[in-house]
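What follows is one structure encoded as structure tokens, with my remarks underneath.
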Amino acid sequence: MFEARITQGSVLKKLVEALKELVTEGNFDVSSTGLTLQAMDSSHVCLVSLTLRDDGFDHYRCDRNMAMGIHFGNLSKILKCAGNEDTITLKAEDNADTLTLMFESANQDRISDFDLKLMSIESEHLGIPDQDYSAEIKMPSAEYQRIVRDLTSIGDTVLISATKEGIKFSTSGDVGTANITLRHNTTPEKPEEQTIIDLKEPVALTFALRYLNNFSKATPLAPQVKLSLTKDLPIFVEYQVGDLGNVRFFLAPKIDD
Amino acid sequence: KANQGRLDTFFSVV
């Protein structure tokens, strides 16, 4: 039996909205330590990794490890029926072919349940090594969203270069060119408004803006985002989801011929 | 012109 209850149901709604365009389906792997998901987009260019810890839920029980195959478009349809203030409970029997989602309004006067049909999904699991990155940049998630959105209107790819001067995002297209440089800035009093650049060595990599723009759909989940870069490796974009866990995106770089 | 890399070439399947 699997059961996970979260008072702040809007977090689940936001998570699924952040993922559903990148990955159409994937397995929720549940165990006694929490719920994880790893899924690649259909072209194997980017990967989403979600970790929700058992102790981040208001109630969590999982007697048996299970892989629940989810179609995110369908899960999104059901979660749209939940109110933003609702408590959401996920439930499944062992070896179930459905996942039950129960929504309770804040004052308990409306309770609804929906059963989502589960799928059988063969998924490849990629091993992502823990490693030291050449550059790590923490910045307000809204700033990241603005940069990738603005640059997407100019070009298709972005060159991200981290140097001691700061982190520069450059693109070009039919309209012309664009460069946006962010500098280390710890002046704002609120930590979530700061930009912190941790540079071990200069690095420059090119990425498809379409995906970076898509990652920014996770903006409502966290005030800050962390970008990690190393030469010839995928970029790692991470959002901490409060005490519940994190959502991580990896995107393969463009490679010169 | 740069080509789009695939994640499988950077991370191995476990």
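Observations
- Each residue of region A:158-172 was assigned a 3J(HN,Hα) from its phi angle through the Karplus expression (A = 6.51, B = -1.76, C = 1.60, θ = phi - 60°), giving 10, 9, 9, 10, 10, 9, 5, 6, x, 10, 10, 10, 10, 8, 8 Hz with x at Gly and Pro.
- For region A:175-244, the set of chymotrypsin sites (Phe, Trp or Tyr not before Pro) satisfying both a DSSP loop assignment and a count of at most 13 other C-beta atoms within 10 Å is empty.
- A Cα-only calculation for the protein assembly as shown places Rg and Dmax at 19.5, 62 Å.
- Entry note, chain A: relative contact order of 20 percent, from Cα contacts under 8 Å with a spacing of 6+ residues.
- Of all segments of chain A bounded by trypsin sites (Lys or Arg not before Pro) found in a DSSP loop with no more than 15 other C-beta atoms within 10 Å, the longest spans A:1-63.
- Residue by residue along A:250-256, Cβ atoms of other protein chains within 10 Å of the local Cβ number 5 on average.
- For A:ASN27, residues with placed amide H under 5 Å, excluding near neighbours: A:GLN38, A:ILE70
- Couplings 3J(HN,Hα) of region A:57-73, computed from phi: 8, 6, 8, 8, 8, 8, 7, 8, 4, 9, 10, 9, x, 10, 9, 5, x Hz, in residue order, whole Hz [Karplus 6.51 cos²θ - 1.76 cosθ + 1.60, θ = phi - 60°; x for Gly and Pro].
- Rounded to whole Hz, the Karplus (6.51, -1.76, 1.60) HN-Hα couplings of region A:220-225, x for glycine and proline: x, 7, 7, x, 10, 10
- A cut-off of 5 Å between modelled amide H atoms, ignoring neighbours fewer than 5 places along the same chain, links A:THR157 with A:SER172, A:LEU209.
- Legend: mean number of C-beta atoms from other chains within 10 angstrom of residue C-beta atoms, peptide A:87-96, equals 0.
- Site-free segments of chain A were taken between GluC sites (Glu not before Pro) in DSSP loops having at most 15 other Cβ atoms within 10 Å, sites themselves excluded; the longest one is A:190-257.
- Listed from fewest to most Cβ neighbours within 10 Å, the set A:HIS184, A:HIS125 follows the order A:HIS125, A:HIS184.
- Between the listed residues A:TYR144, A:LEU35, A:LEU19, the Cα displaced farthest toward the positive end of the dipole of chain A, a dipole computed from Cβ unit charges relative to the Cα centre, is found at A:TYR144.
- Taking the longest Cα principal axis of chain A as reference, the axis of helix A:141-152 is set at about 60 degrees.
- Cα centre as origin, Lys/Arg/Asp/Glu Cβ charges: region A:110-151 dipole, Debye: 340
Taken together, the values in this text are just the output of simple stated rules run on the coordinates, not laboratory data. Keep in mind the model is a prediction, meaning the values are calculated, not measured. FYI the Cβ positions are ideal-geometry reconstructions off the backbone, even for glycines, and counts take in every protein chain you see.
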